[in-house]
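I have placed the structure first, in the form of structure tokens, so that the comments after it can refer back to it.
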């Protein structure tokens, strides 16, 4: 059981399914290794899953992203830099949160509204969970899921190739504590 996991009670069941799977893999460790992830074991939620790799403050790449995310956002995420996909005013914040989540390590949950070409803004929820690299000196990783609140309903032609800033964000403890704050210090640089 995740300490402090009551913060996750209102998230879609797919988020809980990923958390349960991840928690089962890690056992008594803080995080499981990337190579332990078995796509067949999470087949029902795989279209909503993504894996991030943090090379630097300014480079957090989508190593893979499920097809439901492409349909939701209107463009392919795999290979793209998550930081550059933030609206420019939110890049420092996204960089800090991704970096601290993976390096601390801790879990994180978030919500955002995704705009559709119809003008509707769909509320989406997600969780991020740290993974250990398959190599001792490899960059930190995270497995995550993002799910529309109402479930998948539309294909979304991209209005822009940006991922909206999150409206709600919280770290949660997985046994190693959480960062002191979710806002970057003044000297945080994404270069």
For this session: Would you be able to say whether some residue in region 76-86 is part of a helix (DSSP H, G or I), surrounded by fewer than 16 Cβ atoms within 10 Å (Cβ to Cβ) and in contact with a strand residue (DSSP E or B) (Cβ under 9 Å, 6 or more places away or on another chain)?
Result: no
Exercise. Within region 12-27, is even one residue assigned to a strand (DSSP E or B), modelled with pLDDT of 95 or more and surrounded by 16 or more Cβ atoms within 10 Å (Cβ to Cβ)?
Worked result: no
For this session: Kindly check whether there is at least one residue in region 155-167 that is surrounded by 15 or more Cβ atoms within 10 Å (Cβ to Cβ), touching a helix residue (DSSP H, G or I) at 6+ places or on another chain (Cβ under 6 Å) and at pLDDT 95 or above.
Result: no
Exercise. Within the set of pairs 6+ apart or on separate chains, which have a first residue in region 171-189 that is at positive phi and at pLDDT below 95, a second that is assigned to a loop (DSSP other than H, G, I, E, B) and exposed (fewer than 15 other Cβ atoms within 10 Å of the Cβ), and C-beta atoms under 6 Å apart?
Worked result: 175/30
Seminar exercise, completed: Residue hits (region 137-154; at pLDDT 85 or above and more than 20 Å from the chain's Cα centre (by Cα)) are 137
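Quick test for you: out of 111, 78, pick the one residue that is at pLDDT below 95 and farther than 28 Å from residue 187 by Cβ. Steps first, answer last, please.
Working: 78 fails: at pLDDT below 95.
Checking each option against the conditions leaves just 111.
Does region 57-69 contain any residue that is assigned to a helix (DSSP H, G or I), under 27 Å from residue 23 (Cα atoms) and in contact (Cβ under 8 Å) with a residue 60 or more places away in the chain?
We begin by selecting, within region 57-69, every residue assigned to a helix (DSSP H, G or I); these are 67-69.
Retained after the next criterion (residues that are under 27 Å from residue 23 (Cα atoms)): 67-69.
In the following step, the residues that additionally are in contact (Cβ under 8 Å) with a residue 60 or more places away in the chain were identified as 68-69.
The answer is yes; a qualifying residue exists.
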Seminar exercise, completed: Being out of contact with any helix residue (DSSP H, G or I) (no Cβ under 6 Å at 6 or more places or on another chain) and surrounded by fewer than 19 Cβ atoms within 10 Å (Cβ to Cβ) narrows 139, 105 down to just 139
For this session: From (1) surrounded by 15 or more Cβ atoms within 10 Å (Cβ to Cβ); (2) over 20 Å from residue 173 (Cβ atoms), pick out the condition that doesn't hold for residue 43.
Result: (1)
Exercise. Is there a residue being outside any strand (DSSP E or B) and without any contact (Cβ under 8 Å) to a residue 60 or more places away in the chain anywhere in region 123-132?
Worked result: no
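The values are calculated or read from the model by the stated rules, or taken from the named source; none is laboratory data. Values in this document were obtained by computation on a predicted structure and should not be read as measured data. Every residue, glycine among them, receives a Cβ derived from its backbone with ideal geometry; neighbour counts consider all protein chains shown.
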